[in-house]
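Beneath this line is the structure, given in structure tokens, with notes to follow.
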Amino acid sequence: MTNTSTDTDTNASTDTTTDAESKTATKPETKSKSELKTGNQPARTAAGTTRTAKDRDHPAHPDPSESAPMPMSVKNTGEIPPGEKSSSDLMPEDDGKPTAALLATDDDDDDGERTVETSAPEEAPQRPSDNRTRRLTAWRGARRTLTGFRPPETIGERLRRLAAEAPGAYDLDDWTDFYGNDDGIVGELERRTADALGAEAAAFFPTGTMAQQVALRCWAGRTGNATVAGHPLSHLEMHERDAYAVVSGLRMIHPTTAPRLPTAEEIYALQEPFGTLTLELPLRDAGYVLPTWEELTSAVTAARDRDAVVHFDGARLWECGPHFGRPLPEIAGLADSVYVSFYKTLGGIAGAALAGSEGFIEEARAWRHRYGGQQFQQWPAALAALAGLDRELPRLPQYVAHAKLVARALREGLAEAGVPWFRVHPEEPHTHQFQLWLPYPPEALTDAATNQSEETRTTLFHAWRTPTPAGPPGMAMTELTIASPALDWTTDEIRTAVADFVQRIGT
């Protein structure tokens, strides 16, 4: 992995279901408990810093108290047999808001001998009065689903599934980990992740937000520049509560506000120096969009010409290979550091990894401890991540290919149903995830989707929401993740299901 900096020694969403809802979903017959409440966070002003040449040789993070406050950015606050199950992405983003989405992942059962199925009830469940419970009960009872979610699971079901997947992922006679010891399961996950990305080393983190903040903090110290160039729709801006500014004293500038990754020309045109360029691949809130390979390499070159390092927010980097036509190590090798998620595409329980040079990762481990990420035991998350690496990585090219078929069938079905306006974005998905926009209130569309799940035992869509940042008035959007549950859907079946769904809108 390329590193142009000074090394001292040489890391589930459209559904508007809340966290409380997902807990409710584990027992469909029980009404939901009180929702998770979070206090409003007051606006904070970031403080920037200035580092000297001496500081560059000693990669301590700049002290926010050393300089005057800086303004923060402005933003809106292998073949798979048909029917075999898998995990998916499209998980809720960790923005701390009570609108976090359904926490369950897709169906991700492995080979037949290790498959643990959650059997659907023989008869459609009666409609509970609680809307959240009703939706989750309907999704759990569906016999077919187009989107890639696993139905909500009880704790026991998730434990049994992990036990079924575990024997092929790691030696269960080994000891549990002790603060992520290198010679245990966490160390094995870190080595396998580094190998998959072609990096020298990787460090496990409990969350992707922590991995991102540690990466940016380390680079600010090493480059002597607390300014980060990034996108206003990036995860750093949309889903991390301005942690880069509030916690780390960094500030962000935007090469572009267009709903795509910045071009080389836009990076060259930035009017002030920056220490790190961050690129989210794919850019989820713009529609899971990716640049071309030539555009990506040109952007990286531009950052290097500006004396900056490059960090990839690669939470969903795993599925980018088919679009770029390049293997993962070649893609990741463009950056100085890469963050990847284990629970999104790979269907793990939790966790992320930060990959880079040996020296950089050694420093990141120290900051991980300071940020509270040195947990006593992490073996359940590490075990689920290892199983996900084995199960999902070989399948992703097929998911991406099938997503193109699904997107085309949705367009055809909506046109045939006479919907006055709609948009599948991107028109041809760049990964196995994409957006669908319709000109109806989100509540009406979510209710139509729930009715369809209850009455036909087919789940075409999950929850719909008003887009953020706000789109045109009267519009609603949902995101789809195409994984193994969708692989046996034909174009005609999708079009028929779309026609049925449209008839239910407003009924």
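The values are calculated or read from the model by the stated rules, or taken from the named source; none is laboratory data. The structure presented is a predicted model; accordingly, all values stated were derived computationally and were not measured. As a convention, Cβ positions derive from the backbone with ideal geometry for all residues, glycine included, and neighbour counts pool all protein chains shown. Note: accessible area is taken over every heavy atom of the protein model, side chains too, but ligands, DNA and RNA are not part of it. Shrake-Rupley method; radii C 1.70, N 1.55, O 1.52, S 1.80 Å.
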Q) Between residues in region 136-164 that are under 27 Å from Ala403 (Cα atoms) and part of a helix (DSSP H, G or I) and residues that are open to solvent by 20 Å² or more (accessible area, probe 1.4 Å) and among the small types (Gly, Ala, Ser), which pairs lie under 9 Å by C-beta distance while being six or more apart or on different chains? A) Leu136/Ser32; Ala138/Ala124; Arg140/Ala120; Gly141/Ala120; Gly141/Ala124
**Q.** Within region 249-297, tally of residues that are in a loop (DSSP other than H, G, I, E, B), over 25 Å from Arg217 (Cβ atoms) and open to solvent by less than 20 Å² (accessible area, probe 1.4 Å)
**A.** 4
Q | Glu392, sole failed condition from (1) modelled with pLDDT under 95; (2) open to solvent by 40 Å² or more (accessible area, probe 1.4 Å) | A | (2)
**Q.** Only listed residue being more than 30 Å from Trp489 (Cα to Cα) and open to solvent by less than 30 Å² (accessible area, probe 1.4 Å), chosen from Gly198, Gly187
**A.** Gly187
Q: Starting from region 183-199, keep only residues that are of a type in the set (Lys, Arg), then list their pairs with residues that are buried (at least 21 other Cβ atoms within 10 Å of the Cβ) and not in a helix (DSSP H, G or I) whose Cβ atoms are within a distance under 9 Å, requiring at least 6 positions of separation or different chains.
A: Arg191/Ala201; Arg191/Ala202; Arg192/Ala202
Q. Mind checking whether some residue in region 327-335 is open to solvent by less than 10 Å² (accessible area, probe 1.4 Å) and either of a type in the set (Asp, Glu) or modelled with pLDDT under 95 (or both)?
A. no
Q.
Test of understanding: among Ala407, Ala448, which residue is more than 24 Å from the chain's Cα centre (by Cα), part of a helix (DSSP H, G or I) and crowded, with 18+ Cβ neighbours inside 10 Å?
A. Ala448
Q: Scan region 461-472 and give yes if some residue there is out of contact with any helix residue (DSSP H, G or I) (no Cβ under 7 Å at 6 or more places or on another chain), at negative phi and not in a loop (DSSP other than H, G, I, E, B), otherwise no.
A: no
Q: Name every residue in region 483-505 that is among the hydroxyl-bearing types (Ser, Thr, Tyr) and either outside any helix (DSSP H, G or I) or surrounded by 18 or more Cβ atoms within 10 Å (Cβ to Cβ) (or both), in order of residue number.
A: Ser484, Thr490
Q | Residue satisfying all of: in region 308-326; in a loop (DSSP other than H, G, I, E, B) and over 22 Å from Leu216 (Cα atoms); least open to solvent (accessible area, probe 1.4 Å) among these | A | Cys320
Q. Name the residues in region 202-226 that are open to solvent by less than 10 Å² (accessible area, probe 1.4 Å) and either under 20 Å from Trp318 (Cα atoms) or of a type outside the set (A, V, I, L, M, F, W, C) (or both), would you?
A. Ala202, Ala203, Phe204, Phe205, Ala211, Gln212, Gln213, Ala215, Gly221, Arg222
Q: Would you point out the residue of region 410-445, among those that are assigned to a helix (DSSP H, G or I) and among the hydrophobic types (A, V, I, L, M, F, W, C), that is surrounded by the most Cβ atoms within 10 Å (Cβ to Cβ)?
A: Leu445
Q. Is at least one residue of region 179-186 of a type in the set (Val, Ile, Thr), at pLDDT 95 or above and either within 24 Å of Pro282 (Cα to Cα) or out of contact with any Cys (no Cβ under 9 Å at 6 or more places or on another chain) (or both)?
A. yes
